[in-house]
1. How many of the residues in region 185-204 are among the β-branched types (Val, Ile, Thr) and closer than 22 Å to TYR100 by Cα?
2. Of all residues in region 84-116, how many are surrounded by 19 or more Cβ atoms within 10 Å (Cβ to Cβ), out of contact with any Lys or Arg (no Cβ under 7 Å at 6 or more places or on another chain) and among the small types (Gly, Ala, Ser)?
3. Please work out if PRO89 is over 30 Å from GLU176 (Cα atoms), assigned to a loop (DSSP other than H, G, I, E, B) and of a type outside the set (Asp, Glu).
4. Kindly indicate whether THR25 is within 17 Å of ILE251 (Cβ to Cβ), part of a loop (DSSP other than H, G, I, E, B) and polar (S, T, N, Q).
5. So GLY285 ticks every box in (1) modelled with pLDDT of 95 or more; (2) over 18 Å from PHE33 (Cβ atoms) but one. Which box is left unticked?
6. Write out, first by first residue and then by second, each pair whose Cβ atoms fall under 6 Å of each other, whose residues are 6+ apart or on separate chains, and whose first residue, in region 232-247, is hydrophobic (A, V, I, L, M, F, W, C) while the second is outside any helix (DSSP H, G or I).
7. Taking region 25-68 as the search range and keeping residues that are free of Cβ contacts under 8 Å to residues at least 12 places away in the same chain and among the basic types (Lys, Arg), which one is surrounded by the fewest Cβ atoms within 10 Å (Cβ to Cβ)?
Amino acid sequence: MVPKKYPYSFDPTYGYTLETLLDITPPAEPEGFAEFWQRAYEEAKNAQPMARLADTGKTENGWRIYDLNYTSTGGMKIGGWVGVPVKGPIRRGFVIGHGYGGRGGCDTHYPLRESVIFYPCMRGQWSRSMNPPISHESQYHVLHDIDKPDKYVLRGCVQDIWVAVTAMLNLFPQVEGHVGYLGGSFGGGLGALALPWDDRISKAHLRVPTFGHHPIRLQCVGQGSGESVRKFHQKHPWVAERTLPYYDAAIAATHIKIPVHCACALFDPNVCPPGQFAVYNAIPGKKKKLYVQDAGHFSYDNEAQQGQEIMDAIEAFFEDL
């Protein structure tokens, strides 16, 4: 059930119902969109990650944890962690994105056994990839070089995902053909932008994905990074034509060719629900799956049960990867 009480001056459903959310279509695709991202992908494919692992001596939920360092596009130094199964085979690999604000460790609660898992921190993000002058604070990070479409920080963050896949395949070549991606919020939006162009990724899960349908997002007051972009747009309206269309996760989703499991929220003060559902709706074909959760970025009565149901769905979805 959608939360009825909340400490905001706005309604985090933005007046949408499940029926109207499922009717949202993506914005018009700008000229050169596919070419823009194909160029970005080629840059990432040509990067030499020179990935290094260092054993931390720690284990979590059946994974041995290693520190990860690699070099992404533009010479950007990226850090993170890798989980390697303590026992059993490695038959598949996953890159797991994080929410805005970065990550302080591994998300080893995912039911992804017999898998090596890469947990990179995207450029500029706490705690392993802080790269001044890129701010690690989401309200500033999301605006870094937004006036330069070819250098906007989100382009580099997507490339960090692709280079993480390269690093994984270099270190664990046996997972080739069995690579998945999972990401929520910030990591969900980056995933939608990344998936269409990298055929090394076979399946993905996106939870409450951001960056979907910027024309709607610019109308939605909120608590997340989108609010920074909305306020920036009020002073610099050109951003809606010059930059944002090329970073619209819903437009990118129309190019996705692999099965994707999405979890989208009916109520979310940080990532507006119409943007989330725009991403899911835009994915073509019949192999996509949807879990509708009551709320995102907000504690609610049914949260634990729905969280477990999502984990169960993820386990089943990736079983044949």
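1. Counting residues in region 185-204 that are among the β-branched types (Val, Ile, Thr) and closer than 22 Å to TYR100 by Cα gives 0.
2. Counting residues in region 84-116 that are surrounded by 19 or more Cβ atoms within 10 Å (Cβ to Cβ), out of contact with any Lys or Arg (no Cβ under 7 Å at 6 or more places or on another chain) and among the small types (Gly, Ala, Ser) gives 4.
3. The answer is no for PRO89.
4. Taking the combined requirement at face value, the residue satisfies it.
5. (1)
6. Partner pairs satisfying both residue conditions: PHE232/LEU143.
7. LYS58
Quick grid of which residues meet (1) hydrophobic (A, V, I, L, M, F, W, C); (2) closer than 25 Å to ALA313 by Cβ; (3) in contact with a strand residue (DSSP E or B) (Cβ under 6 Å, 6 or more places away or on another chain); (4) at pLDDT below 95:
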site	(1), (2), (3), (4)
MET76	yes, no, no, no
GLY83	no, yes, yes, no
ARG92	no, yes, yes, no
GLY102	no, no, no, no
ARG128	no, no, yes, no
VAL142	yes, no, no, no
LYS151	no, no, no, no
ASN170	no, no, no, no
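The values are calculated or read from the model by the stated rules, or taken from the named source; none is laboratory data. Worth saying up front: this structure is predicted, and the values here are computed from it rather than measured. Counting neighbours? That spans all protein chains shown, and the Cβs are built from the backbone with ideal geometry, glycine included.
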